[in-house]
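Below is one structure, written out as structure tokens; the observations come after it.
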Amino acid sequence: MKFNTALLHPSPQSERSKLNDPFGSTLTPIYQVSAFEHGSAERLEKVFGNNAGGFAYTRISNPTVDAFEKRIAYIEKGIGAVACSSGMAAVTMSLLNILESGDEVIAGAGLFGGTIDLFHDLEAFGIKTRFVKHITKEEIEPLITEKTKAVFGEVIGNPALDVVDIKSVAQLLHSYRIPFIADCTTCTPYLVNAFELGADIVVHSSSKYINGGGNAISGVIIDNGSFSWDEKRYKGFAEYKRYGKFAYLAKLRNGLWRNVGACLSPMNAFLNLVGMETMGLRMERLCSNALALAQFLENDGRVTVNYPALPSSPYYRLVREQFGGRGGAVVTLRAGSKEKAFKLINNLKYAVNATNIGDVRTLVIHPSSTIYAHSSEEQRQAAGVYDDLIRVSLGIEDIDDMTADFKQAIDRIREE
Ligand SMILES: *Cc1c(COP(=O)(O)O)cnc(C)c1O
């Protein structure tokens, strides 16, 4: 089965809730309830003890959320997934499931603003992060110590748009028995299967391309069960050894994730299930629109363009090898000054000024005054967030309308 078919025809194991549906619904319905009734106290005891299938309480599991988890795990070629209330919750839980006070993480400096802020917040709990400019084996290796318990990186950095060579990084990390946690929000499973190249845990802000319509905040953590969690290094794993390759997911589901309560609502899981079915179609269009806009702006020459699938990008070769030449849906441009960047944004007729990516409509934002407003100047520089930078998240509009819109907006800032 190829990608688009797989999005519509999930594996037999994903069919549980459908089989239970007496009406043969083609989509898993929204089980908008908090609790599930069981015939006897004995039965509920078994459900609570993971000794019988079924659902007890929506914070722990729910049929609609379960269907979403199975669907994304299948598409990502994982053994299971845990859905979260937001992408940030997924990033946080993916890390805290393995870390303890005294541990260190190595992360890319070009991360999403919220993730950079999170690493700062974790310092209060004794978790230290060492940042590298780029996630490459050359930059990571000198920072590895006995305390390094994970490396975290965005496969396509948002908004720096640097691309991680997953295979080379994973190979290095596995020689030190360190897992690579890959934030695949911007690359999506349409561009690459990160597990096949060696990633150990995949996280998504499914608010973006998985949902696709900008109508629900959510996140998801997926594991393929390949990393072996040595209980000497990862002490919390001792009591989950009996779950074998499911240890990471079992620890997450029975531990911190459940107790923090960062669960996904059934309604949002449903919106993701609907949105996901068109992910392949949307990504095909979004990538071709992004490339067309990037080429148009580069030829126009009045703003500086960054897009990893352009031949002028240092990641051009890697994008061809790792993503089959597809560069994702985010393009950034530099207008020359903050003032010009603001004017350009204000002059756009169609592109919506909003803080999101992965919508069906084109969105633009000035990251340095918004998403990175809480970061220091040094952090902004390291993340490639310059004062004149505009991030464009392409939508599915007709590209001629979008290039015309950018052209007239640039014409107007040059006139003034
Ligand atoms: C948006 C985003 C997040 C955070 O996700 P939310 O759903 O907004 O909490 C994390 N990582 C990346 C790469 C993102 O783009």
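The values are calculated or read from the model by the stated rules, or taken from the named source; none is laboratory data. Computed from a predicted model, the values in this text were never measured in an experiment. All Cβ positions, even for glycine, are placed from backbone atoms using ideal geometry, and neighbour counts span all protein chains on display. All accessible areas refer to the heavy atoms of the entire protein, side chains included, with ligands and DNA or RNA removed. Shrake-Rupley method; radii C 1.70, N 1.55, O 1.52, S 1.80 Å.
Using a 1.4 Å probe on the protein heavy atoms, what percent of the accessible area of the stretch 255-341 belongs to carbon and sulfur? Write out the running numbers ahead of the final one.
On the way: 1870 of 3660 Å².
Roughly 51 percent, rounded to a whole number.
Averaged per residue, what accessible area in Å² does the chain show with a 1.4 Å probe, protein chains only? Please report the intermediate quantities before stating the final value.
Details: 17750 Å² over 416 residues.
Accessible surface, normalised per residue, equals 43 Å².
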Any aspartates and glutamates whose Cα falls less than 19 Å from that of Lys407, other than same-chain ones fewer than 8 residues away, would be Glu298, Asp300, Glu339, Asp388, Glu397, Asp398, Glu415, Glu416
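Provide the gained length on full extension for the span Lys147 to Lys167, in nm with one decimal, where the gain is 0.36 nm per separating residue minus the Cα-Cα distance. Please report the intermediate quantities before stating the final value.
On the way: separation 20, 0.36 × 20 = 7.20 nm, distance 2.29 nm.
That pair, Lys147 and Lys167, stretches by 4.9 nm at full extension.
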Could you grab the relative contact order for the chain? Cα pairs under 8 Å, six or more apart, rounded to a whole percent. 17 percent
Test item: Cα-centred dipole of the stretch 280-415, Lys/Arg +1 and Asp/Glu -1 on Cβ, debye: 100 debye
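How large is the dipole of the chain about the Cα centre if only Lys and Arg carry +1 and Asp and Glu carry -1, each at its Cβ, rounded to the nearest 20 debye? Mind showing how you got there, number by number?
Values: 44 positive and 47 negative charges, 141 e Å.
With only Lys, Arg, Asp and Glu charged at Cβ, the dipole is about 680 debye.
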If you roll a 1.4 angstrom probe over the protein chains with everything in place, what fraction of the accessible area of the stretch 1-150 belongs to carbon and sulfur, to the nearest %? 55 percent
What is the antiparallel percent of DSSP beta bridges lying wholly in the stretch 280-415, to the nearest 5? 85 percent
Report, in degrees rounded to the nearest 10, the 0 to 90 angle that the Cα long axis of helix 166-175 makes with the longest principal axis of the chain. 50 degrees
Residue-ordered couplings for the stretch 206-218, obtained by feeding phi - 60° into the Karplus form 6.51 cos²θ - 1.76 cosθ + 1.60 and rounding to whole Hz (Gly and Pro as x), are 6, 4, 8, 6, 6, 5, x, x, x, 10, 6, 8, 6
Stretched out fully, how many nm does the piece from Tyr57 to Asn4 gain, at 0.36 nm a residue minus the Cα gap? 15.8 nm
Positive-pole candidate from Val303, Asn289, Ser368, dipole of the chain, charges at beta carbon: Asn289
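For the ranges 233-245, 33-45, 184-196, 109-121, what's the packing order if you count other beta-carbon atoms within 10 Å of each residue, average per peptide, and put the highest first?
Working: 233-245: 14.9, 33-45: 11.4, 184-196: 24.4, 109-121: 20.0.
So the peptides 233-245, 33-45, 184-196, 109-121, ranked by packing, come out 184-196, 109-121, 233-245, 33-45.
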What ranking, highest mean first, results for peptides 343-350, 215-222, 71-78 when packing means the other Cβ atoms within 10 Å averaged over each residue? 215-222, 71-78, 343-350
